[in-house]
1. Please compute the average number of Cβ atoms from other chains found within 10 Å of each residue's Cβ in peptide A:25-37.
2. Can you tell which of B:Glu199, B:Glu83, B:Glu93 shows the greatest fluctuation in a Gaussian network model of chain B with Cα springs below 10 Å?
3. Starting from the 7 Å offset along Cα-to-Cβ, what nm value, one decimal, do you get for the label separation of B:Glu144 and B:Phe180?
4. For chain B, modelled as a GNM with alpha-carbon contacts under 10 angstrom, which of B:Asn74, B:Asn98, B:Asn211 fluctuates the most?
5. May I ask what percent, to the nearest 5, of DSSP beta bridges between residues of the protein assembly as shown are antiparallel?
6. How would B:Asp138, B:Asp109 rank on accessible area, largest to smallest, probe 1.4 Å?
7. Helix B:28-38 against the longest principal axis of chain B: what's the angle in degrees, Cα atoms only, rounded to the nearest 10?
8. Set the Förster distance to 51 Å, then compute FRET efficiency between B:Ile256 and B:Asn66 from the Cβ-Cβ distance, nearest 0.05.
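The values are calculated or read from the model by the stated rules, or taken from the named source; none is laboratory data. This one's a predicted model, so the numbers in the text were calculated from it and none came from an experiment. As a convention, Cβ positions derive from the backbone with ideal geometry for all residues, glycine included, and neighbour counts pool all protein chains shown. Areas reflect the complete protein model, heavy atoms only, side chains present, ligands, DNA and RNA absent. Shrake-Rupley method; radii C 1.70, N 1.55, O 1.52, S 1.80 Å.
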Amino acid sequence: MRILVNGLQRDVSAATLSGLLNELGYEDQKVGTAVNQESQTRRLGM
Amino acid sequence: MSDADRLRLYGSEFGSRLFIGTARYPSPVVLEESIRVSKCEMVTVSLRREAGGTRSGESFWSLIRNLGVKVLPNTAGCRTAKEAITTAQMAREIFATNWIKLEVIGEEDTLQPDVFGLVEAARVLIKDGFYVLPYMTDDLVVAEKLLDLGCQALMPWAAPIGSGRGVNNPFALRALRAHFPNAHLIIDAGIGAPSHAVEVMEMGYDAVLLNTAISRAGDPVEMARAFGLAIEAGRSAFLAKPMTPRDMAEPSTPIIGRPFDQLF
């Protein structure tokens with residue numbers, strides 16, 4: 001799947017936001033996320 | 001600074017009335033030392049946007065956390081109310097604070113705040129439980145609206161961000177201070193030299209937030225020390241009630257009359 005992450009195109013295989021964070025290398029880092037300008041962090045339980 | 005003169009904002013107290021930004025320092029060591037010598041107790045930080053593959057945000061956050069100062073996240077770089085709201089919500093999760101320095105930029109050349117977007121975003125964020133510190137122009141009407149929404153502090157500019165011009169419109173800043181004597185007013189942008197900071201503190205502004213004047217100085221650490229001293233000097237001068245300027249001379253050493261105003 002091709003997505004834009006902060007303006008950069010990325011080809012990823014993850015099907016969930018949690019999976020995407022792992023795939024991008026942020027599994028052990030506190031991050032904030034938004035999808036289409038909607039904050040998602042709370043939904044991840046972070 | 002006496003305990004009685006400590007700055008109280010949203011239930012927190014600050015011994016220093018200088019707040020510092022954390023961007024564009026030559027190195028992490030210089031940033032850390034600048035904050036330490038300035039005696040500042042709150043720093044503002046922006047969200048680092050990453051697209052994977054780097055972990056620069058993590059090391060920066062670790063540095064800030066170890067400074068032991070309060071963190072004021074900001075929405076720098078946001079151009080719409082929606083973008084600022086989303087950024088504030090993400091910042092709350094990352095930095096574990098509901099404080100937010102709200103910026104909604106409306107014009108590219110001056111980075112002037114979009115005050116319409118600012119009021120809209122402040123309304124949403126205050127309802128969502130945020131302690132909002134809005135970066136604004138020196139407009140009285142906007143100030144009134146933001147205070148009515150529940151902002152306990154306003155952050156008017158002295159001049160455009162990063163310009164270092166000092167106070168562009170002293171009349172407007174004096175008017176703002178006079179109109180809202182009980183609001184916390186913090187000068188946020190345009191300060192370039194310690195003398196500018198003294199000027200606004202002497203006007204009665206409660207605090208100053210600045211970044212570039214320190215981070216881009218030839219010697220940021222020494223400039224941070226100078227700003228710390230300037231803020232204290234300006235605050236003391238304000239509390240001491242400066243004399244009223246006169247158009248004509250008045251002898252400072254009268255040869256007739258009493259040597260003191262009060263008899264002893």
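1. On the way: counts 5, 5, 0, 2, 6, 7, 8, 13, 3, 5, 1, 1, 6.
For this peptide, the per-residue mean of nearby foreign Cβ atoms is 5.
2. Of B:Glu199, B:Glu83, B:Glu93, the most mobile in the Gaussian network model is B:Glu93.
3. Result for the modelled spin labels: 1.2 nm.
4. Looking only at B:Asn74, B:Asn98, B:Asn211, the largest GNM fluctuation is found for B:Asn98.
5. So the antiparallel bridges in the protein assembly as shown amount to around 30 percent.
6. Largest accessible area first, the residues go B:Asp109, B:Asp138.
7. So the helix axis and the longest Cα principal axis differ by about 30 degrees.
8. Values: r = 64 Å, r/R0 = 1.26.
With R0 = 51 Å, the Cβ-Cβ based efficiency is 0.20.
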